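Below is one structure, written out as structure tokens, with a few remarks after it.
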Amino acid sequence: MRKCRKVQVIKSLLFAVFLMTITSVYASETRQNKELPIYIGREKKGAGVKIEQVEKQIWAHVADYQEEDLQALIEELKGRSGEVYLSLYGKNLEEQQQVQAIYSLLFNHEELKALTDLKLHFVYTPLDEKDLLFKEMPFIKVLNMHVDQEEDQKLMKYLNDQYGQQYELILTDELATHYGQDVAKGLDAAYKIYYDLPFEYKHIDKIFRQSKLGKLPVKYSDFYAGLEEMLQVNDELVKKENLYEVKKLSEPNQTLRFTVRTKEPVDYIEYKVNDAAAGQSFRYPYPITLDEELLHKGINEVKVVMKLKGKEQYHVQNVSIDYKGEIGYQERAARKEAVYPISQKPVYKKGYIPTLMYHKIKDQVENTEDDQSMSVSTANFEAQLKALLEAGYTPINFKQLKDYLEGTTGLPKRPILITADEGYLCNYTKAYPILKKYNAQATFFVTSLYVGVTNEHEHFTWEQAKEMEASGLIDIQSHTHGHTLMNELDKTDVSYEIQKSFGDIEKYLGKRDVKVLAYPQFLHTSKVKEWASECGVDLQVTNLVSKYRPVATQKLDIKRIHVSNDLSPQNLLNQIKRLTQ
């Protein structure tokens, strides 16, 4: 016991040094001095800003309609029905006065008054904040914001704030005409204006897109094709302490979009979901719609990484989302197990079900205290297993244990659980062949972040894990996602560690018929255990068993026997007998 605890302390110190090193490097590349204005959109709001058909707007420079042309305009209006937005505009005050004169003439025109099928809107387009001619025309109910460059936002903001409550506000977009073939600048302006609409210009409800270019370049067409849907997303400012619930994205009106409304000079913003790349965005407000495939049920972490222009620094913020969608994982491989009638009980006099804990199995174990404690030689592992089987012990899995503890099935006379922590490669190359040779079941607890990773240790891959589970003998369960010390975490982080871990396990290996969590270094609190149960964990492996005062095995308190290399097969049998009889 002292050896194991000493090794656990050493591992904890090494892990802390490793984290300090990573943190110091990371801190040199990041800054956290202020919060990014991150927005999350989770639902589409339905009716909102509408992209109107251009045919509903007569958009023309007033100079195009001299007195002799007015009759032609009247004839055109007589041929219309429904809503029509008549939008004549001037380029200076004199021309605006011409607009006023023409509108007054048309408003009082008897033929137009007689058109019952025509709903004609007289639209005034102010030149600037001082252009108030529309106030002299009581029939003007609609103000138009003419936009052909990004700088027009100042007037848009003024009109929205000053007159949005009194007038209907529409927007006439000629960005493509103004920027022409400089598509990059045109799109920069379009993204800036339209993504700011829900925040800065809430009174605009109709957009008319006019263009003298003819057929638009493809990038413009793609942008406008998705514009209406983009404008229907409800965005809310992310608060660091909040947890954002997200429904299944395949349901109607559901989405998961992030934007960052910052005035800082930015090269790009990269998004990561649970440490997996989700994409980069190079244009304000750096939008991205996340793919459902990147999510697991429960707590997910979205990392927003902003690369600042001309600087080596990155600004990093995390957003936690609680994904409520059910994910259709395939079924796990069938188990090779016996079914015991509920009447069959273990012969153990005490309520403890022996549960063995291994870490590394390797051919040569060094003659050091640490390696003798944390590793078992291949020969000794086989000898221990053979001795257990010859003594009448039957390896079982945690699903059988769960069913027994819940009173739905029985167990063999002398059940025993064999486990190994960390997912080391040697569990696959050394332990698994021996377990298969003796047809013995075992459970390997993996830290999902390190599956297939070689750092100071080699770990088996998901493919190797899948091969082992396909044998029906091996069960892969959770040792958390990042081997994090769970007693130091809040509820959100505890949930992430557990749900991310099981999300990965089920993604690669299939749906679990039982969920078992083994706490790293046995560190947890009563609250952590509650939160783990809320995450769907069925069984919790909590500590080492006392050699002298064993407690009955319970679903939320499974204790293990630490198996070291200096524990002979006979001494192992003696220890199990003492704990159970």
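Going by average Cβ density within 10 Å per residue, which order do the peptides 303-315, 337-349 take, highest to lowest?
For the peptides 303-315, 337-349, the packing ranking is 303-315, 337-349.
Have a look at region 375-455 and give its Rg and Dmax from the Cα atoms, expressed in angstrom.
Cα-based Rg and Dmax for region 375-455 come out at 14.2, 43 Å.
Give me log10 I(q)/I(0) at q = 0.08 Å⁻¹ for the chain, Debye formula, one equal scatterer per alpha-carbon, no solvent.
Ignoring solvent entirely, the Cα scatterers give -0.69.
Measuring from centroid to centroid over Cα atoms, what is the spacing of region 443-488 and region 62-127 in Å?
Using only Cα atoms to place each centre, the spacing works out to 73 Å.
With +1 on each Lys and Arg Cβ and -1 on each Asp and Glu Cβ, and nothing else charged, work out how big the dipole of region 228-347 is about its Cα centre, in Debye to the nearest 20.
380
Measure nothing fancy, just the Cα-based angle from helix 2-29's long axis to the longest principal axis of the chain, in degrees from 0 to 90, nearest 10.
Roughly 20 degrees, rounded to the nearest 10.
Could you tell me which of the pairs LYS130/LYS202; LYS44/LYS527; LYS386/LYS577; LYS56/LYS91 are separated by over 26 angstrom between their Cα atoms in the structure shown?
Over 26 Å apart, Cα to Cα: LYS44/LYS527.
What number comes out for accessible area per residue over region 94-212 if the probe is 1.4 Å? Units Å², please.
Result: 48 Å² per residue.
What are the residues whose amide H is under 5 Å from the amide H of THR355, where those residues sit 5 or more places off or on another chain and H is modelled from the backbone?
LEU417, ILE561
Would you compute, for the Cα atoms of region 129-211, the largest minus smallest coordinate along each principal axis and list the three values in descending order, in whole Å?
If we take the Cα atoms of region 129-211, the spans are 41, 23, 22 Å.
Please state, rounded to one decimal and in Å, the Kirkwood hydrodynamic radius that region 305-401 gives when every pair of distinct Cα atoms enters the mean of 1/r.
After inverting the mean inverse Cα-Cα distance, the result is 19.8 Å.
How much of the DSSP bridge set in the chain is antiparallel, in percent, rounded to the nearest 5?
Of the beta bridges lying entirely in the chain, close to 40 percent run antiparallel.
Can you give me the long-range amide H partners of ILE58? Hydrogens built in the peptide plane at 1.01 Å from N, cutoff under 5 Å, separation of 5 or more residues or another chain.
Here TYR85, LEU86, SER87 satisfy the definition.
Kirkwood hydrodynamic radius of region 362-406 from all distinct Cα pairs, in Å?
12.7
Taking 2.2 N^0.38 Å as the expected size of a compact globular protein, what ratio does the Cα radius of gyration of region 402-547 give against it, to two decimals?
That works out to 1.04 for region 402-547.
Among residues other than LYS413 whose Cβ falls under 15 Å from its Cβ, what is the net charge (Lys/Arg +1, Asp/Glu -1)?
Residues close to LYS413 contribute a combined charge of +4.
Which order do the peptides 377-387, 419-429 take when ranked by the mean count of other beta-carbon atoms within 10 Å per residue, highest first?
419-429, 377-387
Mean separation of Cα pairs under 8 Å and 6+ residues apart, divided by the residue count of the chain: what relative contact order is that in percent?
13
Round to a whole angstrom and tell me the spacing of the C-alpha centers of region 226-292 and region 334-382.
Measuring centre to centre over Cα atoms gives 47 Å.
Given the options GLN330, GLN97, GLN280, identify the residue whose Cα lies farthest towards the positive end of the charge dipole of the chain (+1 on Cβ of Lys, Arg; -1 on Cβ of Asp, Glu).
Farthest towards the positive end: GLN330.
Amide H of THR461 versus every other amide H placed in the peptide plane: which residues, excluding those fewer than 5 positions away on the same chain, fall under 5 Å?
Under 5 Å from the amide H of THR461: GLY452.
When Lys and Arg each count +1 and Asp and Glu each count -1, what net charge do the other residues less than 12 Å away from HIS121, Cβ to Cβ, add up to?
Here the count lands on +2.
Give me the percent of accessible area attributable to carbon and sulfur for the chain, probe 1.4 angstrom.
49
By what distance, in whole Å, do the Cα atoms of region 488-573 stretch along each of the three principal axes, largest value first?
42, 29, 21
What does the charge count near GLU200 come to, summing +1 for each Lys or Arg and -1 for each Asp or Glu among other residues with Cβ under 15 Å from its Cβ?
Charge balance in the 15 Å sphere: -1.
The values are calculated or read from the model by the stated rules, or taken from the named source; none is laboratory data. Predicted model, so just to flag it, every value in this text is computed and none were measured. Heads up, the Cβs are rebuilt from the backbone with ideal geometry, glycines too, and the neighbour counts pull from every protein chain shown. Please note that ligands, DNA and RNA were not included when accessible areas were found on the heavy atoms of the full protein model with its side chains. Shrake-Rupley method; radii C 1.70, N 1.55, O 1.52, S 1.80 Å.
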